[in-house]
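Taking it in order: structure first as structure tokens, then the write-up.
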Amino acid sequence: MTDAKRIAVLGVGMHPWGKWGRNFVEYGVVAARAALADAGVEWTQVDLVAGADTIRNGYPGFIAGATFAQALGFTGARVSSSYAACASGAQAIANARAQILAGLSEVALVVGADTTPKGFFAPVGGNRTDDPDWLRFHLLGATNPTYFGLYARRRMERFGSTSEDFAQVKVKNARHGAANPNARYRKEVTIEEVLASPMVADPLHLQEICATSDGGAALILSSVAFAKAHGIQPLVTIDAVSTVTPVYPNTTIEMPNFATDSSATVALPPRSFRESITAAVYEEAGIGPEDLSMAEVYDLSTALELDWYEDLGLCGEGEAEQLLRSGATTIGGRIPVNPSGGLGSFGEAIPAQAIAQVVEAVLQLREQATGRQIANANVAITANQGLFGHGSSVLIRR
Amino acid sequence: MNGTAAVEGFFDPEAQALLGSRCTGCGTYAFPAKQGLCPNPRCQSETHDVVPLSRRGKVWSYTSASYQPPPPYVPTDPFVPFAIVAVELEAEGLVVLGQAIASVGAEELSVGMEMEVVTDVLFTDDDGPKLVWKFQPVEATR
């Protein structure tokens, strides 16, 4: 790939995930300063701050780019703030990438952080009868795990998946995450323990559904020319970013909707939404699933990680359980998935999460993932999906 | 059934039917009913007929709300877990969500089971019962 389409990752940083209960700005500043130190770049050299927003922390969260820029000390750098549900971090990356590739930015900081309430994510307050996110809680009691449960049960019906298969995803990711100092949960679990945890959304148990966490993640990005001029070694690049929307009619029931689109009169698109997210990044990077060394995917639930194996093309439809059982997606296997420990070990800090996926990919490609290192990793993909037609995928290469 | 709809325009409590829309241009359906521009990007119509949707359909998938959902859900006291069903309406090409009636838990459901829409009480406040649509198994096919 020519340097005209790729950008360099100079540095990565995180604030550990947990339930710290402090101001989200603090986590973002820690992550940003860690990324700057990792990059060997001064804060005053950053000419663009691309923030990923949080909607649960008031006005400072809605303008996260400016909030972090001010917290680090206003320098006159340009700013952008993105909200795209779970894909917020990837949209911030996409903003920075576009400006770097256009020659409008030389060194950009991408940063996202969140402080989350205990328990289920709830909609924004008020009496908002025209907001589907408010209405689904009010009329149905449908939480996010409701949708995860529907997908999981559907998977069981279509492919004969078992509760043990789903629990095995958690066992794998807990093993990976146990070695990650930034993970919130760092304890190995057994299938029996997972299945003994309380049922939340049949057939999914508490340990199979990602928690809500506090955390922060940051990247320092630049043009490849800048990275080469500054002797960055090894050179890790972002070769493609996908932030596509669904194509009508989307026949999967998506959060926070009451219904699918109608398949009665309009022809179906060639790919499902999740498939289209990763297809766009493969096409942009000019590679395929056979070229991957690893993947970080959005395991909002254990069962959803299996859906992603198929949507990424790691195996055929209905073959994900077999791929999991073969050990291929465990570190040491052919195509490790969620070597970071995934959402199962982190819990979700929404605006930081898509950035954290890229952080893990960069650490793996640089062979700095102590205790969970994948051998000879050179191509990594991330994938996620969130509410209201948002999803993202990022392709990272060494 | 006494009471008023918990939300206007989603269903007809008397007819026990969901209310969707059908685009006057391309004929595509939507639930809840669409207003304004058709969701089909290749259709420029801005008018939709409000239509009652099929009262019966088959279970596409189902799950349980085993933990009490947060507000604005109005829970029973004490909270009683319930099932949520995704039902496929063949004629409209839609999969729609609804609670199962209180007596039907997730363990009694299966994919492909035939269900029908009924009007039921969502919660009761100072103004009386608030009504919502729910799904119940079609007895004859059980």
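Mind listing whichever residues of region A:256-277 are within 11 Å of chain B (Cβ to nearest Cβ) and either outside any loop (DSSP other than H, G, I, E, B) or touching a residue at least 40 places away in the same chain (Cβ under 8 Å) (or both)? Passing the criteria: A:Pro256, A:Asn257, A:Phe258, A:Ala259. Any chance region A:202-214 includes a residue that's under 24 Å from the mean Cα position of the chain (by Cα), within 9 Å of another protein chain (Cβ to nearest Cβ) and polar (S, T, N, Q)? No. Of all residues in region B:98-114, those satisfying the criterion of being more than 9 Å from chain A (Cβ to nearest Cβ), more than 11 Å from the chain's Cα centre (by Cα) and under 29 Å from B:Lys34 (Cα atoms) are B:Ile101, B:Met113, B:Glu114.
Residue check: A:Val111 meets all listed conditions (1) surrounded by fewer than 23 Cβ atoms within 10 Å (Cβ to Cβ); (2) outside the structural domain of A:Leu306 (by TED's automatic domain parsing) but one, namely (1).
Among the residues here, B:Leu19 qualifies as more than 9 Å from chain A (Cβ to nearest Cβ), at pLDDT 95 or above and within 17 Å of B:Glu90 (Cα to Cα).
State yes or no: is A:Glu283 modelled with pLDDT of 95 or more, over 25 Å from A:Trp134 (Cβ atoms) and assigned to a strand (DSSP E or B)? Against the criterion (modelled with pLDDT of 95 or more, over 25 Å from A:Trp134 (Cβ atoms) and assigned to a strand (DSSP E or B)), A:Glu283 does not qualify.
Before we move on, is B:Gly27 in a loop (DSSP other than H, G, I, E, B) and touching a residue at least 24 places away in the same chain (Cβ under 8 Å)? So B:Gly27 does not fit the description; no.
Evaluation of B:Met115 against the conditions (1) outside any strand (DSSP E or B); (2) surrounded by 14 or more Cβ atoms within 10 Å (Cβ to Cβ) shows that the sole unmet condition is (1).
I need a count of the residues in region B:87-97 that are within 7 Å of another protein chain (Cβ to nearest Cβ) and within 9 Å of the chain's Cα centre (by Cα). The total comes to 2.
In region B:65-77 there is at least one residue matching the filter, namely being within 7 Å of another protein chain (Cβ to nearest Cβ), in a strand (DSSP E or B) and under 19 Å from the mean Cα position of the chain (by Cα).
Yes or no: B:Thr47 more than 7 Å from chain A (Cβ to nearest Cβ), at pLDDT below 95 and out of contact with any Asp or Glu (no Cβ under 7 Å at 6 or more places or on another chain)? Against the criterion (more than 7 Å from chain A (Cβ to nearest Cβ), at pLDDT below 95 and out of contact with any Asp or Glu (no Cβ under 7 Å at 6 or more places or on another chain)), B:Thr47 does not qualify.
Could you tell me whether B:Phe31 is under 27 Å from A:Asp130 (Cβ atoms) and of a type outside the set (A, V, I, L, M)? For B:Phe31, the condition - under 27 Å from A:Asp130 (Cβ atoms) and of a type outside the set (A, V, I, L, M) - is met. Within the set A:Pro246, A:Pro181, the sole residue that is within 30 Å of A:Leu48 (Cα to Cα), in a loop (DSSP other than H, G, I, E, B), modelled with pLDDT of 95 or more and away from chain B (no Cβ under 14 Å) turns out to be A:Pro181.
For region A:134-178, the tally of residues that are in contact with a helix residue (DSSP H, G or I) (Cβ under 6 Å, 6 or more places away or on another chain) and either not in a helix (DSSP H, G or I) or not assigned by TED's automatic domain parsing to the domain that holds A:Ala328 (or both) stands at 2.
Of the residues making up region A:37-81, those that are surrounded by fewer than 22 Cβ atoms within 10 Å (Cβ to Cβ), at pLDDT 95 or above and of a type in the set (Val, Ile, Thr) are A:Val41, A:Thr44, A:Ile63, A:Thr75, A:Val79.
Just checking, does region A:192-199 include any residue being more than 30 Å from A:Ala108 (Cα to Cα), within 14 Å of another protein chain (Cβ to nearest Cβ), of a type outside the set (Val, Ile, Thr) and surrounded by 23 or more Cβ atoms within 10 Å (Cβ to Cβ)? No, region A:192-199 has no match at all.
Kindly indicate whether any position in region B:49-64 is part of a loop (DSSP other than H, G, I, E, B) and farther than 27 Å from A:Val247 by Cβ. The answer is yes, given that some residue of region B:49-64 is part of a loop (DSSP other than H, G, I, E, B) and farther than 27 Å from A:Val247 by Cβ.
The values are calculated or read from the model by the stated rules, or taken from the named source; none is laboratory data. Everything numeric here is computed off the predicted structure, so don't read it as measured data. Virtual Cβ from ideal backbone geometry, glycine too; neighbours counted across all protein chains shown.
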